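For reference, the structure is listed below as structure tokens.
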Amino acid sequence: MAMTPNDSFLVSKLDWVANYCRANSLWPMPFATACCGIELMATASSRFDLARFGAEVMRFSPRQCDLMIVAGRVVMKMVPVMQRIWLQMPEPKWCISMGACASSGGVFDTYAVVQGIDRFLPVDVYVPGCPPRPEQLIQSIIDMQDKIKRTGTLLGSEFASRTTDEGPRALALEVLPQDAIVAPGDYRTATKTWERN
Amino acid sequence: MSHEATLGKLTDRFGPEAICTAEFRDNLRVTVEDDLSFLILQFLKESCGFDMLADLTAVDYLHYPEAKDRYGVVYCLTNTATGERIVVKTMLNDPDPALPTCVPLWRGADWMEREVYDMYGIEFTGHPDLRRILMPDEYTSFPLRKDYPLRGRGERHNFPFITRAES
């Protein structure tokens, strides 16, 4: 009984195989700083069960994660920590900005709160809501998987092409140039003026 | 709670002109001069039994109607034996608002004075470790002063962006 080639071979692309593996076993790094973190925990636990989508292995070490979920407002003092955690994660890695505060600062438009983490980090998927329902976070994970399957490459060349600043521009009326001061020293640190052009 | 005994002791010791009192809903408030504040706090602790510093904070009275002074430093004291409470307030002005520290009296004043220094820039002379407690060390402003804009002066965006290619 001779086997036909159709029975013994599966022809595919290495990119597809890599994407298939990566997308279906995302290991999230919960960077939870506020109430969105509670929804994140609910998403991971039994009622909403993120395990159905292969992303339930929350690790508290960035070295073991490939998906950073920033859940909650990020204050200015936290930005160097967040950037450091992001840099410690091994490639390939992705970032979800969960909730209004992480995405835009939300209601906290004050001197201490960063107006969106995408000003300092490359973000792949944004989740609206205050805080988002677990279903929304699950949808964002599904979107993330879809994005990985569509754009991912074996060697990560889609990351290498993202060389520019992806965040929004500074608000024009935020502070007048003559009122702006730049704190000295570095927070890992601060080397550029507040104006982003 | 009656405050007559405490008030009597205070006026006997420092004279009626040294302190200015007000009462609001059985809450005794005493306003004192800044050069007398440490002595009065020490007297309240050692002779009137106010053994607990419940809170230490400050107020910026800039643009406040009919305010004569810029800053008010507020000490909320509690006598844990009788439950009596008293609020001691000291007014300060620019430039260089400063007060003697009360860490030798209540050890718990340490972080509260650091917080007041961090937010209002009021120096506490003699404090063992007067550093910023909430804001980053590199921060140069005092954010709870009323002349500081709510959105800051650009410090919150003073970080480098990490592009995807370099991370």
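Read-outs throughout are calculated quantities, based only on the coordinates presented, and are distinct from any laboratory measurement. Since this is a predicted model, take the numbers as computed values, not measurements. For neighbour counting, all protein chains shown are included, and Cβ atoms are generated from backbone atoms with ideal geometry for every residue, glycine included.
Observations
- Working note: Karplus 6.51/-1.76/1.60 with θ = phi - 60° gives the stretch A:120-132 the couplings 10, 9, x, 10, 9, 10, 10, 10, x, x, 9, x, x Hz, where Gly and Pro are set to x.
- Residue A:13-residue A:108 FRET efficiency (beta carbon distance; Förster radius 41 Å; 0.05 resolution): 0.35
- When the square roots of the Cα gyration tensor eigenvalues are ordered a ≥ b ≥ c, the ratio a/c for the protein assembly as shown is 1.5 or more and a/b exceeds b/c, which makes its shape prolate.
- Dipole of chain B [Lys/Arg +1, Asp/Glu -1 at C-beta], most positive-end residue of B:160, B:135, B:8: B:160
- Extreme residue, positive dipole direction of the stretch A:90-153, given options A:117, A:152, A:141 (C-beta unit charges): A:152
- The protein assembly as shown, helix-only ellipticity at 222 nm - DSSP H runs n ≥ 4, -39,500 (n - 2.57), divided by all residues, nearest 500: -7500 deg cm²/dmol
- Cα-based Lys proximity count in chain B, under 22 Å, for pairs eight or more positions apart or on separate chains: 6
- Cut-off 13 Å, label 7 Å out along Cα→Cβ of residue B:46, residues of the stretch B:83-125 by amide N: B:104-106
- In the protein assembly as shown, the DSSP beta bridges split such that about 50 percent are antiparallel, to the nearest 5.
- For the pair residue B:25 and residue A:46, a Förster radius of 45 Å applied to the C-beta separation gives a FRET efficiency near 0.35, rounded to the nearest 0.05.
- Counting only other chain Cβ atoms within 10 Å of each residue's Cβ, the peptide B:132-141 averages 5.
- Distant-in-sequence amide H partners of residue B:58 (H built 1.01 Å from N, under 5 Å): B:74
- The distance between label points at residue A:146 and residue A:160 comes to 2.9 nm (points 7 Å beyond Cα on the Cα→Cβ vector).
- Residue by residue, the stretch A:28-33 carries 3J(HN,Hα) couplings of x, 9, x, 9, 9, 10 Hz when phi is fed to the Karplus relation 6.51 cos²θ - 1.76 cosθ + 1.60 (θ = phi - 60°); x denotes Gly or Pro.
- With the charge dipole of the stretch B:1-119 set up from +1 on Lys and Arg Cβ and -1 on Asp and Glu Cβ about the Cα centre, the Cα lying farthest toward the positive end among the listed residues B:61, B:95, B:19 is that of B:19.
- Lysine-lysine proximity count for the stretch A:11-156, Cα under 18 Å, sequence distance 8 or more or distinct chains: 4
- Rounded to the nearest 20 debye, the dipole magnitude of chain B is 480 debye, with +1 charges on Lys and Arg beta carbons, -1 on Asp and Glu beta carbons, and the Cα centre as origin.
- Dipole size of the protein assembly as shown about its Cα centre, with +1 on Lys/Arg Cβ and -1 on Asp/Glu Cβ: approximately 1340 debye, rounded to the nearest 20.
- Seen through its C-alpha gyration tensor, with square-root eigenvalues sorted a ≥ b ≥ c, chain B comes out prolate because a/c lies at 1.5 or above while a/b is bigger than b/c.
- Shielding by partners for peptide A:75-88, expressed as the average number of C-beta atoms from other protein chains within 10 Å of each residue's C-beta, is 3.
- Evaluating 6.51 cos²θ - 1.76 cosθ + 1.60 at θ = phi - 60° for every residue in the stretch B:129-142, the Karplus couplings come out as 7, 8, 10, 5, 10, 9, 7, x, 4, 6, 5, 10, 9, 10 Hz, glycine and proline recorded as x.
- For residue B:134 and residue B:33, the difference between the fully extended length at 0.36 nm per residue and the C-alpha to C-alpha distance is 33.5 nm.
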